[in-house]
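Each reported figure results from applying straightforward, stated rules to the coordinates on display, with no laboratory input. Every value quoted in this text rests on a predicted model; they were computed, and no experiment measured them. For neighbour counting, all protein chains shown are included, and Cβ atoms are generated from backbone atoms with ideal geometry for every residue, glycine included.
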Amino acid sequence: PPYRPARPGIQRVSPDGTVTSVTDDEYLAPNDLVVAADGTVWFTDPPHFPPPLEPVGRVHTMAANGTTRVVATGFAYCNGIALDPDGNPIVVEARRILRLQPDGTRDWIVETLTGGAGDGFCVDVDGRYYVANTAAHGVRVVDPDGTEVDFLAIEGRGVTTNCCFGGPDGRTLFATDGLPGQIVAWEGMPAAGLPLHPWPGP
């Protein structure tokens, strides 16, 4: 398809296909988001790819009324974002996984992710991380302490970009395979995914 750049921001797509802009403040290139139980949206804002030498990526929050604030700065390429079972924001930073603290400082969970950079990811009820490993073509499974415990490979060549849990019991893991352009599912995972919260929240 033709290249059709849009103003960086957050858009909402209604079930009927209507697209509305939720916020379009001065952003770099918003990448991924997650909604907390109170309706707060957390989202990453990395630079355009390839990233510059100076780390300028940011993490923002957006309240239910649409107001935003910068929570943390100085990321080389902050990508996927999710919340752990305690509600702490977890961020994929290039080949690393980190936990953000309320004051913006970070604790490293994984300092070097096997198989290349991570992209979008999700968390199960036991706090395990499922990270889309782009170049490795699959989903890497990481325990809460940072130990890599499994790799769910996708047959053939491709670029795995994101994943989430769904299905009737929440135990089906879905992954988007940006190239060749398909959705892959693993049914009967050992644990269900954390529940997803709607926006705006309660």
Handout entry: Per-residue HN-Hα couplings for region 13-21 [Karplus 6.51, -1.76, 1.60; θ = phi - 60°; Hz; x = Gly/Pro]
Key = 10, 7, x, 7, x, 5, 10, 10, 7
Completion exercise
Highest GNM mean-square fluctuation among Thr61, Thr40, Thr20, for the chain with Cα springs under 10 Å, belongs to Thr20
Fill in the blank from the handout: Between Phe151 and Thr18, the two model label points (7 Å from Cα along the beta-carbon direction) sit apart by a distance in nm of 4.6 nm
Problem - Anisotropy class of region 78-177 from Cα gyration tensor, a/c 1.5 cut - result: oblate
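What full-extension length gain, to one decimal in nm, is calculated for Tyr3 and Leu179 as 0.36 nm per residue of separation minus the Cα-Cα distance? Please report the intermediate quantities before stating the final value.
Values: separation 176, 0.36 × 176 = 63.36 nm, distance 1.70 nm.
Here the segment from Tyr3 to Leu179 would lengthen by 61.7 nm.
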Handout entry: Most mobile listed residue (Tyr27, Tyr130, Tyr77) in the chain, GNM with C-alpha springs under 10 Å
Key = Tyr27
Handout entry: Full-extension gain in nm, Thr73 to Asp86, via 0.36 nm per residue minus C-alpha separation
Key = 2.4 nm
Problem - Highest-MSF residue in the chain out of Asp150, Asp32, Asp86 [GNM, Cα springs under 10 Å] - result: Asp86
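Compute the signed sum of charges (Lys and Arg +1, Asp and Glu -1) over the other residues within less than 13 Å, Cβ to Cβ, of Ala192.
On the way: positive: Arg128, Arg171; negative: Asp124, Asp126, Asp169, Glu187.
Residues near Ala192 contribute -2 overall.
With +1 on the Cβ of every Lys and Arg and -1 on the Cβ of every Asp and Glu, and nothing else charged, how large is the dipole of region 55-202 about its Cα centre, in debye rounded to the nearest 20? Don't skip to the end; give the middle numbers.
Numbers: 10 positive and 17 negative charges, 109 e Å.
Dipole of region 55-202, to the nearest 20 debye: 520 debye.
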